1. List the residues whose amide H sits under 5 Å from the amide H of ILE128, counting only those 5 or more places along or on another chain, with H placed 1.01 Å from N in the peptide plane.
2. Short version: what are the Cα gyration tensor semi-axes of region 74-153, square root of 5 times each eigenvalue, largest first, in whole Å?
3. Computed over the Cα atoms of region 51-117, what is the convex hull's projected area averaged over all directions, in nm²?
4. Could you tell me which of the pairs LYS68/LYS145; LYS68/LYS140; LYS94/LYS145; LYS68/LYS130; LYS102/LYS140; LYS68/LYS102 are separated by over 24 angstrom between their Cα atoms in the structure shown?
5. What distance in nm lies between label points placed 7 Å from Cα along the C-beta direction at GLN43 and GLU86?
6. Extension gain LYS59-ASP107, at 0.36 nm per residue separation less the Cα-Cα distance, in nm?
7. Note down the nm distance, to one decimal, between modelled labels 7 Å out along Cα→Cβ at ASP139 and at ALA99.
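Laboratory data are not the source of any read-out in this text; all were calculated from the coordinates shown. A quick note: this is a predicted structure, and the numbers were derived from the prediction, not measured. Glycine also receives a Cβ, built like all others from the backbone with ideal geometry; neighbour counts cover every protein chain displayed.
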Amino acid sequence: MKNIISAIVCITIIASCNNSKKTTVANAVKNSGSGSEMLYQFQWNLTELQGVTVPSAAKAYMLLSPGKVNNVTGNTGCNIMKGSFELIETNGIKFSPFATTKRACLDNSISNMEQKFLDALSSSSNWIIKDTVLLLSNDKTTLAKLRGVAAEQ
């Protein structure tokens, strides 16, 4: 009888430790507040650039990854981008220069937007998350708005 009770207790403990949930947008917002950990929980899709709505066909986004060197990867609309960034104090951010592919972009509106996106990132000095919207700004102006969606695991 003791062995059966011990086995049930062990199974219960193992099952409760293994109860991991996939991060959803709602859970992350509910559980994380607006700390920097939220930067790493989403794929940030570009929705607005310097006050202008970005065409949905652009599919520009970025993913931020923590580490000894914080990495950023993504897409500028037609090209793949890669770089790094540094978080400064509470809501400061500084992006390094980006390496990008040099694919031809058939849509001129997206092609023209790509450099503006890279410029906005390199000019950003502050970030804030409101609900699931990441706002990147310099000291005066919002440069880019990005909507957080659950990152592919």
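1. Amide H neighbours of ILE128: LEU135.
2. Computed over region 74-153, the values are 22, 15, 13 Å.
3. Average projection, Cα convex hull of region 51-117: 5.2 nm².
4. LYS68/LYS145; LYS68/LYS140; LYS68/LYS130; LYS102/LYS140; LYS68/LYS102
5. 3.0
6. 16.1 nm
7. About 3.3 nm, to one decimal.
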